[in-house]
1. Taking the chain as a Gaussian network, where each spring joins two C-alpha atoms under 10 Å apart, which residue of Ile88, Ile76, Ile15 fluctuates the most?
2. Starting with the fewest neighbours, write out Leu29, Leu117 ranked by other beta-carbon atoms found within 10 Å of each beta-carbon.
3. For the chain, with a Gaussian network of springs between Cα atoms less than 10 Å apart, report the residue from Gly25, Gly16, Gly84 with the top mean-square fluctuation.
4. Pairs Lys36/Lys127; Lys38/Lys127; Lys75/Lys127: which exceed 29 Å Cα-Cα?
5. So, in nm, how far is label Ala72 from label Phe11 when the simple model puts each one 7 Å beyond its Cα toward the Cβ?
6. Pick from Ser97, Ser50, Ser12: which is most flexible by mean-square fluctuation in a GNM of the chain where alpha carbon atoms under 10 Å apart are linked?
7. Only Lys, Arg, Asp and Glu count, each charged at its Cβ (+1, +1, -1, -1), so figure out the dipole size of the stretch 2-137 about its Cα centre, rounded to 20 debye.
8. Against the longest alpha carbon principal axis of the chain, how many degrees, from 0 to 90 and to the nearest 10, is the axis of helix 46-65 turned?
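We did not get these values from a lab; they are worked out from the coordinates using the rules stated. Just so it is clear, the structure is predicted and the values come from calculations on it, not from any experiment. Glycine also receives a Cβ, built like all others from the backbone with ideal geometry; neighbour counts cover every protein chain displayed.
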Amino acid sequence: MGRDVLARQPFSVLIGAELTALAPGRAELQLPITEKVKQQDGFAHGGVVSYLADNALTYAGGTAMRVPVVTAEYKINYVRPAVGQRLIARAQAVHVSKSQAVCRCDVFAVIDGQEKLCAVAQGTIAKLGDANATSQAA
C-alpha cells in the first residue's frame, strides 16, 4: 500500500523516490542523486532533501496512527551538503496520540558506500479529519 501511495505522487515518480522500508511507526525512503535533483553547486537541492524528510515523516506517522494523515508542520536542519550517489531518509514516530504523531527523521547522503548525515527533521503528522476527507473527495 505504501508503494502504491508513492506511485500516485507525480513529483515522487518524477525524481525517482523509492519506499525501501515500512513498518508501524517507521519508514525509509531513498532517492538517487541525479543531475535533475542537484543545485548549481553539484549537491542535492535542499528542497529535494526536505521533500524526502517530509514524506518519510508522514509515512512514519501514518503507519503509527493507522489512519489517513497529513503533515501539520515540520522543521529541518541541514548539517552538510548532500553529496553522493543516493539519499536515504529514515523516520520514526516518537510520540503517538489519537490525533497526531510527532516524528523525527535523519537524512543521509551515501557517497562511495558511506552514509553521511546531511539533515535532521522533526514534524507533527496529523490525522486527516472527516470534514477534510469529504471536501477533498468532492
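1. Ile15
2. Leu117, Leu29
3. Maximum among the listed residues: Gly16.
4. Numbers: Lys36/Lys127 33 Å; Lys38/Lys127 33 Å; Lys75/Lys127 19 Å.
Too far apart for the 29 Å limit: Lys36/Lys127; Lys38/Lys127.
5. Result: 2.1 nm between the two label points.
6. Of Ser97, Ser50, Ser12, the most mobile in the Gaussian network model is Ser97.
7. Values: 14 positive and 11 negative charges, 48 e Å.
The calculation lands at about 240 debye.
8. So the inclination is approximately 40 degrees.
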